[in-house]
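Student: Take this structure first; my questions come after.
The values are calculated or read from the model by the stated rules, or taken from the named source; none is laboratory data. Nothing here was measured: the structure is a model prediction, and the numbers come from that model. Cβ coordinates were reconstructed from backbone atoms using ideal geometry, including for glycine residues, and neighbour counts include every protein chain displayed.
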Amino acid sequence: MTRQVHSGGCQCGAIRYKIAGELGYPHLCHCRMCQKASGNVFMALAGSRQEDFLLMRGEPSWFQSSDPCGRGFCSQCGTPLFFRSKGSPYISVTIGSLDKPELAEPVSQDGVESRVSWFAKLFDLPENPTDRSDLPAGTAGIAATSRQHPDHDTVAWPPKKDI
């Protein structure tokens, strides 16, 4: 049996990681600390055994959000990437930082006492595609100037510009 390999990284590509193994307990955390750390109304996380986790490029900065917990992020672009507890054999990665986030389907919602009151109404909202003509710069203009790292490993990033 082959082990599944997951890869991911930050928005700018300064930090890349790999996980050689299963992603455990993918979940949404609604606790207030995760809301603040993600700058969003929840944080989606999945765990990996430390020995299956490998940084491929860069070093995250860490914020000790409480005595037992630390949160890793990219100091260049600010992407929230990791969560770890002191003494734990696991590290959690943000599901959105995975190259294939669809492979980490959440199995639970935690910290629900802090879940925002309108969360259950999200699927009743109108839906719009990304490619919209009413955007000021237009999707093509945004894509043409994007500095976002692609959803796969690269030898170096950003690419060298032709002179």
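Student: Test each condition in (1) assigned to a loop (DSSP other than H, G, I, E, B); (2) in contact with a Lys or Arg (Cβ under 6 Å, 6 or more places away or on another chain) for Phe83 and report the one that comes out false.
Tutor: Exception for Phe83: condition (1).
Student: Can you find even one residue in segment 68-79 that is loosely packed, with under 12 Cβ neighbours inside 10 Å and among the charged types (D, E, K, R)?
Tutor: Going residue by residue through segment 68-79, those that are loosely packed, with under 12 Cβ neighbours inside 10 Å are 68.
Narrowing the set further to residues that are among the charged types (D, E, K, R) leaves none.
No: zero hits.
Student: Could you identify the single residue in Val155, Val116, Val107, Val112 that is hydrophobic (A, V, I, L, M, F, W, C), more than 25 Å from Met43 (Cβ to Cβ) and at pLDDT 75 or above?
Tutor: Val155
Student: Sticking with this structure for a sec: If I ask for residues that are hydroxyl-bearing (Ser, Thr, Tyr) and outside any loop (DSSP other than H, G, I, E, B), which ones from segment 86-102 would you list?
Tutor: If the condition is that a residue be hydroxyl-bearing (Ser, Thr, Tyr) and outside any loop (DSSP other than H, G, I, E, B), then Tyr90, Ser92, Thr94, Ser97 are the ones that fit.
Student: Only residues that are more than 15 Å from the chain's Cα centre (by Cα), outside any strand (DSSP E or B) and of a type outside the set (D, E, K, R): list them for segment 5-29, please.
Tutor: Result: Gly21, single match.
Student: Would you confirm whether or not segment 120-133 contains a residue that is surrounded by 12 or more Cβ atoms within 10 Å (Cβ to Cβ), modelled with pLDDT under 80, among the polar types (S, T, N, Q) and closer than 30 Å to Cys74 by Cβ?
Tutor: No.
Student: Now, a different point. Of everything in segment 1-53, what is touching a Pro at 6+ places or on another chain (Cβ under 7 Å) and among the charged types (D, E, K, R)? Give them in sequence order.
Tutor: Arg49
Student: What number of residues within segment 94-103 satisfy the criterion of being over 16 Å from Gly13 (Cβ atoms), in contact (Cβ under 8 Å) with a residue 60 or more places away in the chain and within 11 Å of the chain's Cα centre (by Cα)? Spell out the reasoning first.
Tutor: If we filter segment 94-103 for residues that are over 16 Å from Gly13 (Cβ atoms), which is where we start, we get 95, 100-103.
Then drop every residue that is not in contact (Cβ under 8 Å) with a residue 60 or more places away in the chain, which leaves 95, 100, 103.
Next, from what is left, pick out any that are within 11 Å of the chain's Cα centre (by Cα): 95, 100.
Residues in segment 94-103 being over 16 Å from Gly13 (Cβ atoms), in contact (Cβ under 8 Å) with a residue 60 or more places away in the chain and within 11 Å of the chain's Cα centre (by Cα): 2 in total.
Student: Still on this model: Can you name the residue in segment 48-67 that is small (Gly, Ala, Ser) and part of a strand (DSSP E or B) and, of all such residues, is surrounded by the most Cβ atoms within 10 Å (Cβ to Cβ)?
Tutor: Among residues in segment 48-67 that are small (Gly, Ala, Ser) and part of a strand (DSSP E or B), the one surrounded by the most Cβ atoms within 10 Å (Cβ to Cβ) is Ser48.
Student: Is there a residue being touching a residue at least 24 places away in the same chain (Cβ under 8 Å), buried (at least 20 other Cβ atoms within 10 Å of the Cβ) and within 12 Å of the chain's Cα centre (by Cα) anywhere in segment 84-91?
Tutor: no
Student: Residues Arg71, Arg32: which one is over 19 Å from Glu102 (Cα atoms) and within 15 Å of the chain's Cα centre (by Cα)?
Tutor: Among Arg71, Arg32, only Arg71 is over 19 Å from Glu102 (Cα atoms) and within 15 Å of the chain's Cα centre (by Cα).
Student: Being touching a residue at least 60 places away in the same chain (Cβ under 8 Å) and either within 14 Å of Asp151 (Cα to Cα) or in contact with an Asp or Glu (Cβ under 9 Å, 6 or more places away or on another chain) (or both) is the filter here, so list the residues in segment 43-56 that pass it.
Tutor: Hit for segment 43-56 is Met56, nothing else.
Student: Can you find even one residue in segment 63-72 that is among the acidic types (Asp, Glu) and closer than 26 Å to Gln148 by Cα?
Tutor: Taking segment 63-72 and keeping what is among the acidic types (Asp, Glu), we get 67.
Filter again for closer than 26 Å to Gln148 by Cα, leaving none.
No, segment 63-72 has no match at all.
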